[in-house]
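*Asks:* What follows is a single structure, and I will ask about it in a moment.
FYI, it's all coordinate maths here, none of it is from the lab. Everything quoted here is computed from the prediction, not taken from an experiment. Note that we place each Cβ from the backbone using ideal geometry, even for glycine, and neighbour counts take in every protein chain shown.
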Amino acid sequence: MEINKLIEELDKIRTYKGSKIGASLKKPLFLLLLISLIEGGKVKRNKFYFPDIERELDLLIRTFGGRVGKGKPEQPFHHLNSSIIWDIHVPYGTRFSNKETLPISVLRDPETYGYINNEIFKLLSSDNIARAEAAQFILGKYWPETVQKDIADLLNLPVKAISKQKRDRNFVDKVLANYRHKCAICGFSSLFNQVPFGLDAAHIQWHAYGGPDNLGNGLALCKLHHWALDRGVVTIEPDKFEIILSSKFVAQEEISISFLENIKGSKLQQFRDVPPDKRFMAWHNENVFVL
Ligand SMILES: [Zn+2]
């Protein structure tokens with residue numbers, strides 16, 4: 001199989017992708033884990049046993065899967081079989097329906113395993129460029145750039161560059177000007193060689209999930225707070241514009257306390273022309289922010 005054909009198949013994967021993240025990041029995370037295992041040379045045969053990857057997949061989903069309660073790694077392990085990429089072998093006589101996820105006891109049965117389509121497995125195990133392109137495609141389709149990098153680093157994925165999502169060329173300039181070149185959360189503002197330094201224009205509702213390139217969906221943020229927003233460490237309360245911090249976040253030293261703990265409950269910096277739109281903040285609250 002050619003890499004282009006694989007990308008087409010990756011693009012077809014059903015993830016219930018509307019504007020809600022819901023469970024839609026589970027299959028992409030599972031695919032990235034498979035690529036990472038092959039990349040790491042840990043895969044000798046095209047057989048993947050659920051107990052071998054259960055914990056890692058669970059942690060991946062809870063860390064990068066958006067607002068999910070439990071990881072439920074059994075879901076992508078089973079349901080990726082709706083794509084031609086993946087299939088699952090169960091013990092003889094097991095009741096199998098794609099409407100219900102297989103019970104954990106079946107998935108942990110020594111006779112149960114999943115396997116990648118043979119042609120795709122051959123391509124992924126023999127061609128490091130194909131692995132890189134496949135990983136890059138999946139990351140770019142579902143996550144903002146800040147998070148793509150975190151996932152690629154954690155899984156040691158062979159991506160060459162982080163996929164830049166297409167955006168309106170003026171988006172960055174307009175957003176930074178709307179916050180007077182200050183981080184909307186902490187007020188950080190600086191110049192390097194007379195050019196504003198260390199500030200990004202962040203999308204509140206992720207671009208990959210329909211967030212538009214307009215001022216109501218943009219925040220000027222320093223690198224740390226951009227990353228904290230995209231990872232769901234902070235969010236903004238849509239009515240009072242108050243900054244909320246995830247209960248999962250623990251600051252360990254003075255400096256982290258001042259960067260993140262102390263902003264809890266403070267108000268967003270004053271915008272110049274256009275306030276952030278409530279709909280996008282509500283989307284972020286419900287889909288990305290980790291309670
Ligand atoms: Zn900041």
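*Asks:* Residue 192 versus residue 247, label points 7 Å from Cα toward the beta carbon: distance in nm?
*Replies:* The answer from the label model is 3.8 nm.
*Asks:* Sticking with the crude label model, points 7 Å out along Cα→Cβ, report the distance from residue 163 to residue 70 in nm, one decimal please.
*Replies:* 3.1 nm
*Asks:* With each label point set 7 Å from Cα along the Cα-Cβ vector, what nm distance links residue 98 and residue 2?
*Replies:* Once both label points are built, they end up 2.7 nm from each other.
*Asks:* Once the Cα gyration tensor of the chain is diagonalised, what are the square roots of 5 times its eigenvalues, in whole Å and ordered largest first, as equivalent ellipsoid semi-axes?
*Replies:* 38, 20, 17
*Asks:* Please give me, ordered by residue number, the GluC sites (Glu not before Pro) of the stretch 38-132 that lie in loop per DSSP and have at most 15 other Cβ atoms within 10 Å. Could you put the intermediate results ahead of the total?
*Replies:* Values: sites: 39, 54, 56, 74, 100, 111, 119; in loops: 100, 111.
Taking the stretch 38-132 and a limit of 15 other Cβ atoms within 10 Å, the loop GluC sites (Glu not before Pro) found are 100, 111.
*Asks:* In addition: Classify the stretch 171-287 as rounded, prolate or oblate, taking a ≥ b ≥ c as the square roots of the eigenvalues of its Cα gyration tensor: rounded when a/c is under 1.5, otherwise prolate if a/b is larger than b/c and oblate if not. Could you put the intermediate results ahead of the total?
*Replies:* Numbers: a/c = 1.64, a/b = 1.07, b/c = 1.54.
Oblate shape, in that a/c is at least 1.5 and b/c is the bigger or equal ratio.
*Asks:* Mind checking the stretch 229-291 for GluC sites (Glu not before Pro) that DSSP puts in a loop (not H, G, I, E or B) and that have at most 13 other Cβ atoms within 10 Å?
*Replies:* Of the GluC sites (Glu not before Pro), the ones in loops of the stretch 229-291 whose Cβ has at most 13 other Cβ atoms within 10 Å are 253.
*Asks:* By how many nm would the segment from residue 84 to residue 172 grow when fully extended, if each residue of separation counts as 0.36 nm and the alpha-carbon distance is taken off?
*Replies:* Using 0.36 nm per residue and subtracting the Cα-Cα distance, I get 27.7 nm.
*Asks:* Rounded to the nearest 0.05, what FRET efficiency do residue 180 and residue 278 have when you use their Cβ-Cβ distance and R0 = 35 Å?
*Replies:* Once rounded, the FRET efficiency stands at 0.95.
*Asks:* What's the magnitude of the charge dipole for the stretch 2-51 around its Cα centre, counting Lys and Arg as +1 and Asp and Glu as -1 at the beta-carbon? Answer in Debye, nearest 20. Mind dumping the intermediate values first?
*Replies:* Working: 11 positive and 5 negative charges, 62 e Å.
With Lys and Arg at +1 and Asp and Glu at -1, about 300 debye.
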